[in-house]
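Here the structure comes first, spelled out in structure tokens, and everything after it is commentary.
The values are calculated or read from the model by the stated rules, or taken from the named source; none is laboratory data. Worth saying up front: this structure is predicted, and the values here are computed from it rather than measured. As a convention, Cβ positions derive from the backbone with ideal geometry for all residues, glycine included, and neighbour counts pool all protein chains shown. Surface areas here come from the heavy atoms of the whole protein model, side chains and all, with no ligands, DNA or RNA. Shrake-Rupley method; radii C 1.70, N 1.55, O 1.52, S 1.80 Å.
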Amino acid sequence: MSELILAIESSCDETAAAVVQDGRKVLSNIISSQIPIHQRYGGVVPEIASRNHVLQLPGVIDRALAEANCTFLDLAAIAVTYGPGLVGALLTGVSAAKALAAARHLPLIGVNHIHGHIAANYIAHEQLAPPFVCLVASGGHSHIVYVKNYTEFEILGRTRDDAAGEAFDKIARVLGLGYPGGPKLEKLAQEGNPDAISFPRVNFGTTSYDFSFSGVKTAVINYVHKEEQAGRDICKADLAASFQQAVVEALVSHTFAAAEEKGCKVVTLAGGVSANGALRQAFSLAADVSNITVYYPPLILCTDNAAMIGCAGYYMYKQGNFADNRLNAVPNLKL
């Protein structure tokens, strides 16, 4: 008998709900983005994001059920992101999920947002199964994760300061590209020379796969200030391309080194930054050299969505890993 899970995601500025069948078949995946709202502020305003989640969530859930052609009577459980993320935003989703689970007498599953990003690849690739190494790169996270099985993980490396997506957004702001910065910087970089400017790549030694993007971010800012003070024009496309290459090289080299240490022949990408074309191309080239298979999620599953939460929640459901009415938002939740 098929098991349907209603999933809710509200960790940042996307209000999302989805119905997932047996973990990997997406019957609906509704996403209400707040990008137009936050563009005028140059970034996400947490209080505004939370208020809009409250407004959007009932309709998004109704649409998810309608598109999946099911009702609450057909559901096996309700899954929800409870961290990491913006605390107010998380609370809206958690509160809604707890209320629905209690009212409908359904099991409640609290899902780690990073776990969800990893699970996005299961939806896209039926043949994918643990163990493998996954790079989770987004605005808030840069993790190299050894996926032992569907619910157990080992962190092999992580950022010690800025996440990759965060660095992209900050440099996009320096260049006056606006919000969201990552996609706009990538588009500009396509017109530039990635070897035009040399920016630093931080390496903590052969025994560490941790990242640091604060240094390259500072180097870019210092470069801009120096050129402006000297009265020289800056080629923004070359700067964007050179910065992007520095970040991509660090992500790729550390991930494949970690995979080699673990003896893994499968590497996956996940998170918003995994939509970056330069990163995907670099991963493919490194995979060819290393004889490693690489999987990417489709673009719709790279950014925050509820389908990935439903997938991750399904494997927790199979283990009976349920939450109770004390489930709370945990903004700094670890994997």
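Summary of computed values
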{"item": "In segment 189-218, residue modelled with the lowest pLDDT [restricted to those that are within 13 Å of residue 167 (Cβ to Cβ) and open to solvent by 30 Å² or more (accessible area, probe 1.4 Å)]", "result": "202"}
{"item": "Residue count for segment 28-54, restricted to those that are more than 21 Å from the chain's Cα centre (by Cα) and either under 29 Å from residue 322 (Cβ atoms) or in a strand (DSSP E or B) (or both)", "result": "1"}
{"item": "Qualifying residue in segment 3-21 (condition: out of contact with any Gly (no Cβ under 7 Å at 6 or more places or on another chain), among the β-branched types (Val, Ile, Thr) and open to solvent by 20 Å² or more (accessible area, probe 1.4 Å))", "result": "no"}
{"item": "Cross-chain or 6+ apart pairs with Cβ under 9 Å, segment 170-188 first and under 13 Å from residue 42 (Cα atoms) and without any contact (Cβ under 8 Å) to a residue 12 or more places away in the chain, then among the basic types (Lys, Arg) and open to solvent by 40 Å² or more (accessible area, probe 1.4 Å)", "result": "176/236; 177/184; 177/187; 177/236"}
{"item": "Matching entry among 282, 241 (being in a helix (DSSP H, G or I), modelled with pLDDT of 95 or more and surrounded by 22 or more Cβ atoms within 10 Å (Cβ to Cβ))", "result": "241"}
{"item": "Top-ranked residue in segment 61-87 [being outside any strand (DSSP E or B) and touching a His at 6+ places or on another chain (Cβ under 9 Å); ranked as surrounded by the most Cβ atoms within 10 Å (Cβ to Cβ)]", "result": "85"}
{"item": "Residue in segment 121-128 that is within 17 Å of residue 251 (Cβ to Cβ), open to solvent by 10 Å² or more (accessible area, probe 1.4 Å), in contact (Cβ under 8 Å) with a residue 12 or more places away in the chain and among the charged types (D, E, K, R) present", "result": "no"}
{"item": "Subset of segment 1-27 that is of a type in the set (D, E, K, R) and under 19 Å from the mean Cα position of the chain (by Cα) - its residue that is nearest to residue 92 (Cα to Cα)", "result": "9"}
{"item": "Every residue from segment 88-109 that is within 17 Å of residue 53 (Cβ to Cβ) and either open to solvent by 60 Å² or more (accessible area, probe 1.4 Å) or out of contact with any His (no Cβ under 6 Å at 6 or more places or on another chain) (or both)", "result": "88, 90, 91, 93, 94, 95, 96, 97, 98, 99, 100"}
{"item": "Pick from segment 32-58, criterion touching a strand residue (DSSP E or B) at 6+ places or on another chain (Cβ under 8 Å) and open to solvent by less than 50 Å² (accessible area, probe 1.4 Å), ranking: modelled with the lowest pLDDT", "result": "34"}
{"item": "Filter result for residue 258 (in contact with a Leu (Cβ under 6 Å, 6 or more places away or on another chain), open to solvent by less than 60 Å² (accessible area, probe 1.4 Å), farther than 30 Å from residue 76 by Cα and not polar (S, T, N, Q))", "result": "yes"}
{"item": "Segment 310-334: number of residues that are in contact with a His (Cβ under 8 Å, 6 or more places away or on another chain) and crowded, with 24+ Cβ neighbours inside 10 Å", "result": "1"}
{"item": "Condition check for residue 312: closer than 13 Å to residue 112 by Cα and assigned to a loop (DSSP other than H, G, I, E, B)", "result": "no"}
